[in-house]
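Here is the structure we will look at, set down as structure tokens.
The values are calculated or read from the model by the stated rules, or taken from the named source; none is laboratory data. Nothing here was measured: the structure is a model prediction, and the numbers come from that model. Virtual Cβ from ideal backbone geometry, glycine too; neighbours counted across all protein chains shown.
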Amino acid sequence: MLRSDLLLKVACRVLAIAAAAIVLLVFGFLVRESAPALRSIGLFRFFTDASWHPLSGEFNFTPMIVATLLTSVGSVCIAAPLGIASAVFSNFYAPTWLASWHRRLVELLAGIPSVVFGLWGLVVLAPLVAAFGGSGQNLLTATIVLSLMVLPTIALLSDSTIASLPREWILGAAALGLDRWDTVSRLVLPAARRGIGSAVMLALTRALGETMAVLMVAGNIVEMPRSVLSPGRTLNGNIALELGYASASHRSVLFVSGLMLMLVVSVLVVGFSRRTRSPVG
Amino acid sequence: MISTDDLSIEYNGRTILRRATIAAEPGRVLALVGPSGCGKSSLLAALNQMTEIIPGASVCGTIKFNGQDIRDVFETSVHLRRHVGMIFQKPNPFPMSIRRNIELALHQHGKHSKPAINEITETVLRDVGLWEEVHSRLDRPALDLSGGQQQRLCIARALALQPQVLLMDEPCSALDPISAERVEQLIESMRGKYSVIIVTHNLAQARRIADHVAVFWMQDGVGEIIEQGETDAIFDASTNALVNAYLSGRKG
Amino acid sequence: MISTDDLSIEYNGRTILRRATIAAEPGRVLALVGPSGCGKSSLLAALNQMTEIIPGASVCGTIKFNGQDIRDVFETSVHLRRHVGMIFQKPNPFPMSIRRNIELALHQHGKHSKPAINEITETVLRDVGLWEEVHSRLDRPALDLSGGQQQRLCIARALALQPQVLLMDEPCSALDPISAERVEQLIESMRGKYSVIIVTHNLAQARRIADHVAVFWMQDGVGEIIEQGETDAIFDASTNALVNAYLSGRKG
Amino acid sequence: MTSLPTTLYLHRRRDLLVTSVIWLAAGSVVTILGWILIDIGVRGLTHVSYAFLTEAVEDAGRAGGIGPILISTMLLLGVTLFIAIPLSLATAIELTEMIEQNSWFSRNLRRFLDVLAGVPSIVFGLFGNALFVITLELGYSILSGGLTLACMVLPLLVRTFEQAITAVPREYRFAAAALGLDRTATLFRVVLPAAAPGLMAGVVLSVGRALAETAALIFTAGYVARTPESLLDSGRSMSVHIYDMAMNVPGGGTQAYATACVLVAMLLAINGSTAILLRMAGLASRPGAGGQW
Amino acid sequence: GRNTSVGQIQNGQHHLEGRLTLTGSSTVAPLATEIAKRFEERHPSVRVDVQTGGSGKGITDARMGVADIGMASRELKPDENDLVSHQIAADGVGLIVHKSNPCSELSTDQIVAIYQDRLNNWKDVGGEDQEITVVHKAEGRATLELFLHYLDIENPTVKADVIVGDNEHAVKTVAGAKGSIGYVSIGTAEADIEAGVPIRLLPLGSIEASTANVANGTFPMGRLLNLITTASPSPLAAEFIHFCQSSDVHDLVKSQYFVPIASESNVAQ
Ligand SMILES: Nc1ncnc2c1ncn2[C@@H]1O[C@H](COP(=O)(O)OP(=O)(O)OP(=O)(O)O)[C@@H](O)[C@H]1O
Ligand SMILES: Nc1ncnc2c1ncn2[C@@H]1O[C@H](COP(=O)(O)OP(=O)(O)OP(=O)(O)O)[C@@H](O)[C@H]1O
Ligand SMILES: [Mg+2]
Ligand SMILES: [Mg+2]
Ligand SMILES: O=P([O-])([O-])[O-]
């Protein structure tokens, strides 16, 4: 092998490992910071305590885990159909000029700060949702705001997956007299399901990780949600809300919620990659 | 069966085929031959209105089905394509099971009963000589088949709709000689049942299977049909010097 | 010049070419003909060790350059390829300017002086008859050229390295007849200067331009060379029935 | 002729229905997102002026402009891309060109990056604070912030880079190899230039993501609204400023919206200029494969 | 540490140089930023970096030496008495309701009842027939501690409908929901009312919630904004704190809607 090629190979390997190592560093950091709490409180009480009042020594995370999963899964459930529809729209239904404008707009939205989404949710959306009673800051509002934030991710990645399908398939379908929707629903979407699946997965991790916007509209009460109109607090909202005011032991407990969140994400990611690796029909 | 009248095709305003007039007769095979780029594939695409979904393509002139303008006969191009099947140069089975590949179009065209579909599946797979080879693995991915098998599956899939016309764009050129021969036999066996229009670069093949031949040539950068007629007449007794040069391999 | 000795090629353990022995002589044109899928392109790929970068491909047997094993002559395949150029069926200029397309390989092979590069660029573009057409727009994207121009640019790009052997895989088959003729003339003009190995499906073309012909056939699903020799001897006086059938268009 | 008029009639009705649903879905996506954009524009656009872009922050942000904040944002972005692009490019190359797909290494590398994509931004903030600000003694600084953001956009960049590189036609690689280019040259002179539109799209997405980040920056790049004199100075990014104006400084609302307008304009400019750059380099992006129906 | 000041007094009082880092309370940060700017103008070789993050962070950072000065919007707790606090301004915490809410006054008992969910309709306290939405702050926040301390209740007994973080979060929440009640820094509320945000400050007992009443000491729910240092701050830090407490910055304190502290106290306290 040529010297330059060897150099490239080594450099890529080293940098790739470095990139992967960042996760380990983050994990290590979280473990280090949460160790005191885990040691003094133990894992069990995070699920069995009566409530979340860290200053009064009560540390129940369960409602927050539930709220986190509800809002992020819910937002993906809203965003996925819309995002996929938007990708199908720009590939099959929109006139060419409109398709490119549509793409551009969605791209633009991918870059709007979460604070701005949160602000919009707080100032515009929540008062509308307040018509159902309360402050309008609840899991529903949070889910809607989150779904808007992850929508561009799903739309753009699905779009590029669909756009990269072999054109022969689409011509073949047309030649068989399949109409547009049959082509999309029976051929394009099944063929693109891997790419779309990983777009949805990325959106889900993004939704799980979002902090500021959710914090601004979720209501942040630590309570088992009774309906979508109940307020709720997510794990990362919890960190952002309390960390700046936390004393040493309280702080450590908050890191446990960070660790918890990363575990949830890891389980989802590993589960997902297991599923997609199995051969597709 | 299907015919054109002074058909011209443009891509993005550039004419690539000028005033082509052809006619496919029921049960006969028409071969389109000629050098690359003179619009043979484009003409096929126009015949089943695939040009509609090719960005930038526009067609002018009339296409007739049994003597009537297709726009009067068929409500939409989807209806037309049910009667005019098409096979491409590169086999393009869908990324799903063999069975699904055949079912898909049947569903679209309103056949949903399981036994009926199974029956059609078996019939068409037998027709293309694939049944023996694949009947035990109908639910395996079609992409696992060899190239020749894939192409025959594509033909079977088109036959399932009981089309009246079959358009084939160099159906053998991506296949190994044995598969190619099978496909050729298949076309042979369709004579009398379907009207077939086939584009081929293989002049010997054209001679073997076609009843009629249309020879395309490029004039001033635009494709044209420079001669057409009975196969033997064209191959043996053409008076056109270009055609003779092309068919004898001296040009193109 | 370049030759093989009992070369076999496998893809993922499946042999597709068995014991091929060919020899390209300096300044002469060798044509490889035969039906699709019997390993002609694969043989070309093996000759300049492109098989190294095709996943699953493996080659056994020896390849010689001027009588010596290429592994002894050249340190790496990169060095070999500088002496053995290759042209593909589909013109594949890089998506950058015409000038960059030619410069790129020169840079790699150690030529950096601007005037020298400009000179080579002009020479090779003249050699392929493209200079008049493009000299005023050398910095425009190569993809804006027509197919025929692109193919000639690809040839020019290969010639810039002053290779001793040129491998061509159906270089005309994607071109319109006029471009194809120009490329054919170009090959004609290279006779005596380069050793050329060309794969073609156009038997007439093979006859027109080749000094030697090797005929491939598929035996039990594996490609083989069934006959080779002087062009006229093969076309007119082959004793092999298969070869005769193929060359006269009755098979394949 | 065995035509099936009833089902075909149904199909036509269905096609109309589906078409309306898809247009409706795409329309509502555009409407809601357009609503947000217009909301920002209406509340902030009148306040944007040349002075707003250049002046210093006054009265805790209620008065003056966002000059220093723009500069800090640019520097942060610069550091982020300077670190993240080579790192992600190398990782993407490793994943696409160097190792077997589906090998143990590639599977786990991908998994790690996927997990990284799910790390909450606030955790990135705390992590960056512990690692860069404290352990590496970089302090609250543009450098710390940029490094943290680089870790954050890494998974997104790697994924888009990977897609862009695999989309480069194999013919280019073959052509390059046939010209005797070695792997390094093939990669850097042929494959990456050919992938440039896709790579750019990835960079633009990541820039958007980096520009949008708040939580991670408060704890790393900090809050100082002065023009930074070096990369070791603290600097406030636009989104931190938006957050502060909206959530912490009473009467800062207009400023928050005006800053958001500038941010959106900046994204538009970046989007537009990359498109122009690519066109100038003769590297127009690929059209979609669906085509028109 | 990269944050340690190298402040030194050269040529007497007026040539200072070095860098100071402040972290902590988001309430104090905007004010500190403005004071820092003026301080830098007077001492061109000094850089004062103000970071935010919350009172808790300010106290921790000051103790660990990560920051030269911490900012806190609350008093130091008994377990924090290794540190020294320096008051720079005062602030009050007032109850806010939506502007359209006719309720004119709440007694302490009523507030407690509302926050403990024993009273949940405005008509019971002189308003319209509308449910009360209770806006509360997150555990650890200084305003929350002051509020609970004033009402003399424990946080776990509070049954809130919404928990918010920063003051403006509370303001925007109350402005967006007609039936809500919350509590924020009086300065914040006044600034927002001035800017046209539809909220209203409720009197506490019968005392008007206003910065004026905080200044004259009549408003009962007041708090001090503090700078926190270790027992021996660097000379530069000491000089800065001294400046913060001087009348030179009273206009800045007022412009940030806080109340200047009348008497100049000693840095060393
Ligand atoms: N989608 C398209 N957009 C623009 N131009 C096109 C398109 N498809 C084909 N062309 C051009 O139209 C001309 C005719 O192409 P066509 O494929 O019909 O020729 P052909 O006779 O089938 O050639 P071949 O024998 O190589 O298949 C060519 O110059 C080609 O470049
Ligand atoms: N990369 C590859 N991986 C696996 N199989 C391959 C690959 N390339 C070619 N083959 C197979 O090897 C056989 C020979 O292919 P090759 O392209 O060499 O034939 P050919 O003689 O050039 O045919 P044609 O005339 O169609 O170009 C074919 O069966 C083909 O399917
Ligand atoms: Mg064609
Ligand atoms: Mg080949
Ligand atoms: O940031 P605080 O002032 O609420 O501690």
Restricting to region C:217-232, give me the number of residues that are loosely packed, with under 14 Cβ neighbours inside 10 Å and of a type in the set (S, T, N, Q). 1
Residues that are within 16 Å of ligand 4 (Cβ to nearest atom) and among the β-branched types (Val, Ile, Thr): does region C:25-42 have at least one? yes
Taking region C:144-163, which residues are under 25 Å from residue B:37 (Cβ atoms), surrounded by fewer than 18 Cβ atoms within 10 Å (Cβ to Cβ) and of a type outside the set (Gly, Ala, Ser)? C:144
Subset of region D:126-158 [of a type in the set (Gly, Ala, Ser) and in contact with a Ser or Thr (Cβ under 9 Å, 6 or more places away or on another chain)]: D:128, D:139, D:141, D:144, D:145, D:146, D:150
Taking only region E:36-76 into account, find how many residues are more than 14 Å from chain A (Cβ to nearest Cβ) and closer than 8 Å to residue E:23 by Cα. 2
Looking for something β-branched (Val, Ile, Thr), away from ligand 4 (no atom under 16 Å from the Cβ) and under 26 Å from residue C:38 (Cα atoms) - is there at least one such residue anywhere in region B:168-178? yes
Out of all the residues in region B:70-77, is one or more among the aromatic types (Phe, Trp, Tyr), away from ligand 2 (no atom under 16 Å from the Cβ) and not in a strand (DSSP E or B)? yes
Where in region A:86-138 are there helices (runs of 4 or more DSSP H), lying wholly inside it, with at least 3 residues that are within 23 Å of the chain's Cα centre (by Cα) and at the interface with chain D (Cβ under 7 Å from one of its Cβ atoms)? A:96-109, A:114-120
Could you check how many residues of region E:193-221 are within 14 Å of chain D (Cβ to nearest Cβ), among the β-branched types (Val, Ile, Thr) and not in a loop (DSSP other than H, G, I, E, B)? 3
Just one of (1) part of a helix (DSSP H, G or I); (2) of a type outside the set (D, E, K, R); (3) crowded, with 22+ Cβ neighbours inside 10 Å trips up residue B:117, so point out which. (3)
Can you find even one residue in region C:92-111 that is in a loop (DSSP other than H, G, I, E, B), in contact with a helix residue (DSSP H, G or I) (Cβ under 9 Å, 6 or more places away or on another chain), among the basic types (Lys, Arg) and within 16 Å of ligand 1 (Cβ to nearest atom)? no
Filtering region E:141-162 down to residues that are buried (at least 24 other Cβ atoms within 10 Å of the Cβ) and touching a helix residue (DSSP H, G or I) at 6+ places or on another chain (Cβ under 7 Å) yields E:141, E:142, E:162
Test: residue A:221 is within 14 Å of chain E (Cβ to nearest Cβ) and modelled with pLDDT of 90 or more: yes
Consider region B:144-174. How many of its residues are part of a helix (DSSP H, G or I), of a type in the set (A, V, I, L, M, F, W, C) and within 16 Å of ligand 2 (Cβ to nearest atom)? 0
Got a number for residues in region B:160-188 being among the aliphatic types (A, V, I, L, M) and touching a strand residue (DSSP E or B) at 6+ places or on another chain (Cβ under 8 Å)? 7
Subset of region A:237-249 [within 7 Å of chain E (Cβ to nearest Cβ) and either touching a residue at least 12 places away in the same chain (Cβ under 8 Å) or in contact with a strand residue (DSSP E or B) (Cβ under 6 Å, 6 or more places away or on another chain) (or both)]: A:241, A:242, A:246
Would you mind finding the one in E:31, E:22 that is part of a strand (DSSP E or B), modelled with pLDDT of 90 or more and either within 16 Å of ligand 5 (Cβ to nearest atom) or within 20 Å of residue E:187 (Cα to Cα) (or both)? E:22
Within region B:193-231, the residues that are part of a helix (DSSP H, G or I) and away from ligand 3 (no atom under 16 Å from the Cβ) are B:204, B:207, B:208, B:209, B:231
Out of region C:177-195, which residues are among the hydroxyl-bearing types (Ser, Thr, Tyr) and buried (at least 19 other Cβ atoms within 10 Å of the Cβ)? C:179, C:194, C:195
Regarding residue C:126, is this residue more than 16 Å from ligand 2 (Cβ to nearest atom), more than 9 Å from chain D (Cβ to nearest Cβ) and basic (Lys, Arg)? yes
Quick one: what pairs do we get from region B:1-21, first residue within 15 Å of residue B:52 (Cα to Cα), second among the hydroxyl-bearing types (Ser, Thr, Tyr) and within 16 Å of ligand 3 (Cβ to nearest atom), C-beta under 6 Å, 6+ apart or different chains? B:9/B:42
When restricted to C:199, C:222, the only residue in contact (Cβ under 8 Å) with a residue 24 or more places away in the chain, more than 12 Å from chain B (Cβ to nearest Cβ) and within 15 Å of ligand 2 (Cβ to nearest atom) is C:199
Options D:129, D:102: the member that is part of a loop (DSSP other than H, G, I, E, B) and either at the interface with chain A (Cβ under 10 Å from one of its Cβ atoms) or polar (S, T, N, Q) (or both): D:102
Would you check if residue D:26 is surrounded by fewer than 18 Cβ atoms within 10 Å (Cβ to Cβ), without any contact (Cβ under 8 Å) to a residue 24 or more places away in the chain and either within 30 Å of residue D:199 (Cβ to Cβ) or more than 12 Å from chain A (Cβ to nearest Cβ) (or both)? no
Between a residue in region C:34-59 that is part of a helix (DSSP H, G or I) and any residue that is modelled with pLDDT under 85 and within 16 Å of ligand 3 (Cβ to nearest atom), which pairs come within a Cβ distance under 9 Å, given they are 6 or more apart or on different chains? C:41/C:89
In region D:160-187, anything more than 22 Å from residue C:153 (Cα to Cα) and over 25 Å from the mean Cα position of the chain (by Cα) is listed as D:183, D:184
Can you tell me how many residues within region E:172-192 are more than 7 Å from every other protein chain (Cβ to nearest Cβ), assigned to a helix (DSSP H, G or I) and buried (at least 24 other Cβ atoms within 10 Å of the Cβ)? 4
